[in-house]
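Step one of this worksheet: look at the structure below.
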Amino acid sequence: MDHARAPVLEALETYHRSGRHAYSPPGHKGGTGVDTRVALTLGADVFASDVLALNGLDDRRMSGRFLEHAEELMADAVDADRTCFSTCGSSLSVKAAMLAVAGPGEKLLVARNAHKSVIAGLILAGIEPVWVKPRYDAARHLTHPPGPDAVAEAFGRAPDAKGMLLVTPTAYGMCADIRGIAQVCHDHDRPLIVDEAWGAHLPFHEDLPSWAMDAGADLCVTSVHKMGSGLEQGSVFHLRGDLVDPAVLTLRADLLNTTSPSVLMWAALDGWRRQMVRDGHELLGRALKLARRLREEVAGLTGLAPLEEPELVGPDRSFAYDPLLVVIDVSDLGTSGYAAAEWLRNHRQVDVGLADHRRIVAQLTHADTEESCVVLLDALTELVKQRSALPPPAAVRLPTPEGLELETVMLPRDAFFGPVEQVPVEEAAGRIAAEPASPYPPGVPVFCPGERISREAAEFLRTGVEAGMYVPDASDQSLRTVRVVAE
């Protein structure tokens, strides 16, 4: 296929040249109706390219097939049979993927380190989760994806499960043995869905971990905005093989997708694919070199410890890891990752993607340069110099792996929509959760609706919030109270 083409971008260029007159949404009419103050901040070109897809970029029957052609090129670029663009983010896309495999009352194997969007899919669809235990590093309090053995064990418990949902890479860059897990699923004639939100770049350099389509997965969801050049909410489905019916996937996605898709997002997805096919290997190769050098420099700073392959990969850990996510342990500075992230933001205008009780994660992409790495390194150097002024870590009561392995006693949907009450967090242990509680980022729930809350989980959340943890999906974000099933 001709990857020099970008069908959506080309159609948008043609639209701009055509001098069309719109008597249809969007109401800003190419930006002429936008307040001047808004245009100064967002830029007039944003509104000029924010056009209607149907009866705008294309005609009323979408006969130009611009989107279809762009999706075909994306599929070819990553060795998928079929690709679909989504403008509602992977949080919605993963729900549609789940609904394409399992329905109300049916079972689905789900890695317990799944994102909160997966839990929302379970609630909306009435799916019964069969949890697959991740691998826990108790010493570092770090979670790794499950291995094929855990998936085989879960199929032994639930041979009627309709498939498996796996999260890889994690927000820390930890990657699963996709090929091994796919083989287990296929031995049971079941599909493997991969939430590959953090893996859009993986197909474009051989020194990066395998990606879903390369490793035998049947359906994956990718957030191009995370590690690629997509706009926020730009997401894609990739489909391969015959274990997931594409017609069913389309129908399920249509239940959730917007009927007013953003042409801006389509165009960014289209252009990013063209960029990666043409220049991705070179750009990612440069980024990998920068990441290696950054790790070496950070390792020389007293109190900072970038995690390397020996700590992350191996038995009872991850199968592989993405080196572009630089995980830095700051605990030897005598502070928390939350405090380090806030200091960097407030004093050096440096934002990191993730912080927890002892780590920060600095994300590098194809867009980074030597100059951007110098900015980060200078900020980290100053952070070390200011260690005496940093607040000590709060006493977060970290749970044991067993304390995070909660018993599921109700369907998530029944617990979420049934009679509930709000109780003090100190009284939540032993009660059945009626809401998820997901520290963000990365947004993995400590407890889900339908799970019996352990004392360790409740204390972890309570003390974590006091230390700076953010839990946006709990009805009481202060975690003084918890929403539970009424007795």
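Taken together, the values in this text are just the output of simple stated rules run on the coordinates, not laboratory data. Source: prediction; values computed, not measured. Reconstructed Cβ throughout: ideal geometry from the backbone, glycine too, with neighbour counts over all protein chains shown.
Taking the number of Cβ atoms within 10 Å of each Cβ as an exposure proxy, the fewest-first ranking of C175, C220 is C175, C220. Our note on the geometry: Cα centres of the range 6-61 and the range 322-397, 40 Å apart. Prolate is the label for the range 66-272. Its Cα gyration tensor axes, ordered a ≥ b ≥ c, give a/c of at least 1.5 and a/b above b/c.
Based on every Cα atom in the range 345-406, Rg and the maximum pairwise Cα distance Dmax equal 15.6, 46 Å. Highest mean first, the peptides 256-266, 433-443 sorted by other C-beta atoms within 10 Å per residue fall in the order 433-443, 256-266.
Over all projection directions, the Cα-based convex hull of the range 278-389 averages an area of 7.4 nm².
Remark on V420: its backbone amide H falls under 5 Å from those of A486, a criterion applied only to residues 5 or more positions apart or on other chains, H modelled at 1.01 Å from N. Each of D476, D316 was scored by other Cβ atoms within 10 Å of its Cβ. Arranged with the fewest first, they read D316, D476. The slack in the chain from L54 to D207, taken as 0.36 nm per residue of separation less the alpha-carbon distance, amounts to 51.0 nm.
Applying a threshold of 23 Å to the alpha-carbon distances of K116/K226; K95/K133; K29/K95; K95/K162; K107/K133; K116/K162 flags K29/K95 as lying beyond it. When both the range 424-487 and the range 134-154 are represented by their alpha-carbon centers, they are found 22 Å apart. Highest mean packing first, where packing is the average number of other Cβ atoms within 10 Å per residue, the peptides 18-31, 150-163 line up as 150-163, 18-31.
Extending 7 Å from Cα along the Cβ direction at E106 and again at V409 yields two label points whose distance is 2.9 nm. For L73, what is the net charge nearby, where nearby means another residue's Cβ is under 9 Å from its Cβ and Lys, Arg count +1, Asp, Glu -1? Summing Lys and Arg as +1 and Asp and Glu as -1 gives -2.
Which of the three applies to the range 183-297, rounded, prolate or oblate, going by the alpha-carbon gyration tensor with a ≥ b ≥ c and a/c under 1.5 meaning rounded? The shape class here is oblate. Ordering W131, W211 by the number of other Cβ atoms within 10 Å of each residue's own Cβ, fewest first, gives W131, W211. All C-alpha to C-alpha distances of the chain, sorted into 20 Å bins beginning at zero, yield P(r) values of 23, 54, 23, 0 percent in whole numbers.
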